[in-house]
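Notes follow once the structure below has been shown.
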Amino acid sequence: MPKFSSLFQQDSPAKAAAIALASAATLLSGCAMSNTASTGDTFAQAASISGHIHGGNQPVSNADVRLYAAGTTGYGSASTLYASTTTANDGFGSFSFTKNAALTGPTSGGSTPVYGCPTTSDPQMYIIARGGNTQGAGNGANTASAFIVAIGTCSKISAATFVDMNEITTVATMAALQQYFAPANATTTNLNQFGYPATTQAAAGFANGVATISNLANVSAGTIAGVTQTATPTGATAAVAVTVTPEAAKINTIADVLAACVNTTSSTSSACTTLFANATPPSPSVTSQPALNLGTATDTLQAAYYMLTNPTDGSVTNLKNLYALVPATAPFQPTEAVAPTDWNVGLRYSSASACSAGANFLLYAYHLAIDAAGNVYAVSNATGGNLFELSPNGTPLTCALGTTIAKSNGFAIDTTGNLWIASTTSTNLFKYTPGGTTATAVASGATTTQAGVQYVAIDGSNDIFASPYTATSTTNALYELVGGAPGVQVSTLTPSGTAAPSPYFFAADTKKRVFVSNSNGTSDLFDVYPVATADGTTLNGYDTTDFGTSTVSANVYGVQAGLNGTVAIANGNLSTSTASNTLAIITPSATAGTVTVANSAQYAGGLVGPRELAIDGAGNIWSPSSTAASGSYVTGTTNATTTYILTEFSSAGAALSPNSSPAATSTSTVNGGFQIDNSVLPIAPRGVAIDPSGNVWLGSNSATGTGITEIVGAAVPVVTPIAAGLAAGATTTNAVQKP
């Protein structure tokens, strides 16, 4: 491996095929992770784990390097120290650990560089390096310097395992696993550690996060990744290649901010004090660990965690101060041209490969859903569109159905993993069992006069709800397929105005209520229809009547059940009427049929033309802006290479993503929300889904769009599929659950 360079370019290492989600995913599989050290680096020749540590472009000697097994008793739970060593003063910052097959864990409490793997478990391993001489010239130790890299399960570590720990690999690791990290804080003994709950899905979520690291960084080289995932998916006639593009400029910029502190002689240097003062902690209530008592960062790991989990850093001033730490001759390039609005990191999965019906893989990936293993499914709204599936690291797994579903606006996954897919040209639903190439048609209950099925939702009892529609009718209906049996009508959807209802998006909650939106209510302000169950039972202040006509805008394009019996809706009408382009939180009152509605301000958090909603494990509400704007940064500088794309609100409806600055007066002037570089942007964002690792996935509303975008680790993890989360929360009022 060549000596660490001060200027990093993207490379394209080959990547292993689909990961086996039934076992723990490992970051260090495939030829990209088998690099060896440079000639003369004696510390990295024969050990079972070896590596270098660099701060910026300087080797770090005398750093304390420790090998840990991640905790398994909760998010950020206590890790186990397996081995420790220090880096050499050899011009490389070399270190190594030796695996002893006769051992089943650490020796002497992890105080030596020798360890073994347990025989009864296979823990997820990671390395933290702290302190050391970070300027490469013997000028003293910097206790603020800290690096981290996750390396996969213990059994997968071999003599080929080599890591180059630097700010790039630290940012990649922290972004992918931020929801599992516990920074040092005032009320616990946690000291910057990874941990996850002892559940099957939480373990899969952590393993999937580890696999994502290699899409962001080449850990063996310390550079930005450039990855192509290739496989022949189920239903395809030939191999499909998926190009994985990381948001390189954002990753490099965060790395350069951290390097500014690392490459000083003391934790009290000007760069370190600026970093710690401006990388401010998130509100614990919107994280995976609401009990944390977070204080000012004291090292670069904690600062990286704060930047990623509180991506706006609390103020424009703080963002600018951090960006100002990036020097003109930054060690990691290219960087963001101007100060960004936030530090969220994106990945794009795109393909030019043809699928079974001749259409490209991921073409018009309209609506998204996540299964129990964290695999991402999408249906296409293109004519003759397919069903697509990606593994959590972007390997193509399914490309099936083609003309069977024709075009689809929606589908849902039941608790056993079956997909129930709507077709806009058929009154049937289509039940697809993963791994197959065909689907079974199931009567939705709709009549032949209805044009097709618009949308599907599934509750925690695996009752399927479908919404066939007739564009010329002033009434429509909701149908229920009890346990997947042929559907029966359970409600007539009659708007209070004269416009034909278009039941587009809807959602079930833990109490078996179903809330159906009307995206075509030109004279109604709010048409969401709660349906208790087939017997019409009234629950928790909701009943089967229209909520009313004076509270929220019409054209509801997103509905999700929230925390404590609430319902969140996105008003997607692009007009400038008072309630358009808003998020509303509807809360039931003690009186059946009456509610309290809290509407956000117009364009709050950058919300413009919202399409669909997703709610994470802390109750935060996420929605893409379908008419996202480019150019003007909230931080005050113009850069046409970025686009506002995603909004986030708290469970109470307060904007967490940046508001427009100055305040927007029309849809064309909105410049708020989270931004990503155009290189990873989905075309006309549409569907949104959150997975068990906390990644936010975005689909496309474009007939020419071939790709899906992932905002890495930004949300609190959720139980997937949604029906499983509803089943898990059936004894509470909460409709979202962490794994």
*Treating the Cα atoms of the stretch 357-463 as identical point scatterers in vacuum, please give the log10 of the normalised Debye intensity I(q)/I(0) at q = 0.17, 0.21 Å⁻¹, two decimals.*
-0.72, -1.09
_Assuming 0.36 nm per residue, please report the length gained on full extension of the stretch A652 to T268 beyond their Cα-Cα distance._
134.3 nm
*Accessible area (Å², per residue) of the stretch 600-724, counting only protein heavy atoms and a probe of 1.4 Å*: 24
*Length gain on complete extension for the stretch T492 to A101, per 0.36 nm per residue less the alpha carbon to alpha carbon distance?*
134.0 nm
*Linear extension gain, T665 paired with T425, 0.36 nm per residue minus alpha-carbon span*: 82.5 nm
*Could you give me the ³J(HN,Hα) list for the stretch 453-470, computed from phi with Karplus coefficients 6.51, -1.76, 1.60 and θ = phi - 60°, whole Hz, x at Gly and Pro?*
9, 7, 7, 9, 9, 10, 8, x, 9, 6, 7, 9, 10, 10, 10, x, 9, 10
_Computed E for A640/A354 - FRET, C-beta separation, R0 30 angstrom, nearest 0.05_ = 0.40
*Which cross-chain or sequence-distant (5 or more) residues have an amide H under 5 Å from the amide H of T143, H modelled 1.01 Å from N in plane?*
S267
_Table column - 3J(HN,Hα) (Hz), the stretch 167-174, Karplus curve with 6.51, -1.76, 1.60, x for Gly and Pro_ = 5, 5, 5, 5, 5, 4, 5, 5
*Counting only the backbone N, which residues of the stretch 391-426 are under 15 Å from the spot 7 Å out from the Cα of T437 toward its beta-carbon?*
398-404
*How high is the FRET efficiency from N678 to S155, r the C-beta distance, R0 45 Å, rounded to 0.05?*
0.65
*Show the residues, 5+ positions off or on another chain, whose built amide H is closer than 5 Å to the amide H of A217.*
A225
*Percent of alpha carbon pairs in the stretch 596-739 separated by more than 22 Å?*
39
*asked:* What are the ³J(HN,Hα) couplings of the stretch 257-272, residue after residue, when phi is run through the Karplus curve with 6.51, -1.76, 1.60 and θ = phi - 60°? Round to Hz, x for glycine and proline.
replied: 4, 5, 4, 4, 7, 4, 7, 10, 8, 7, 5, 9, 5, 4, 5, 5
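Taking all protein chains as present, what is the carbon and sulfur share of the accessible area of the stretch 620-739, in % to the nearest whole number, probe 1.4 Å? Spell out each step's value before the answer.
Numbers: 1840 of 3310 Å².
Roughly 56 percent of what the probe reaches on the stretch 620-739 is carbon or sulfur.
Restricting to Cα pairs below 8 Å that are 6+ residues apart, what does the relative contact order work out to for the stretch 400-474? Please round to a whole percent.
Values: 169 pairs, mean separation 20.1, N = 75.
About 27 percent, as a whole number.
I'd like to check one number: the per residue accessible area of the stretch 336-436, probe 1.4 Å, reported in Å² as a whole number.
22
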*What is the stretch 577-720's relative contact order, in percent, from Cα pairs under 8 angstrom and six or more apart in sequence?*
21
*Describe numerically, in nm with one decimal, the distance between label points set 7 Å from Cα along Cα→Cβ at T237 and at A277.*
6.5
*Within the stretch 337-379, backbone nitrogen closer than 20 Å to the virtual label 7 Å beyond the Cα of K320 toward Cβ*: 337-344
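The values are calculated or read from the model by the stated rules, or taken from the named source; none is laboratory data. Treat the numbers as computed from the prediction; the structure is a model and nothing was measured. For neighbour counting, all protein chains shown are included, and Cβ atoms are generated from backbone atoms with ideal geometry for every residue, glycine included. Just so you know, the surface numbers come from the protein's heavy atoms only, side chains and all, with ligands and any DNA or RNA stripped out. Shrake-Rupley method; radii C 1.70, N 1.55, O 1.52, S 1.80 Å.
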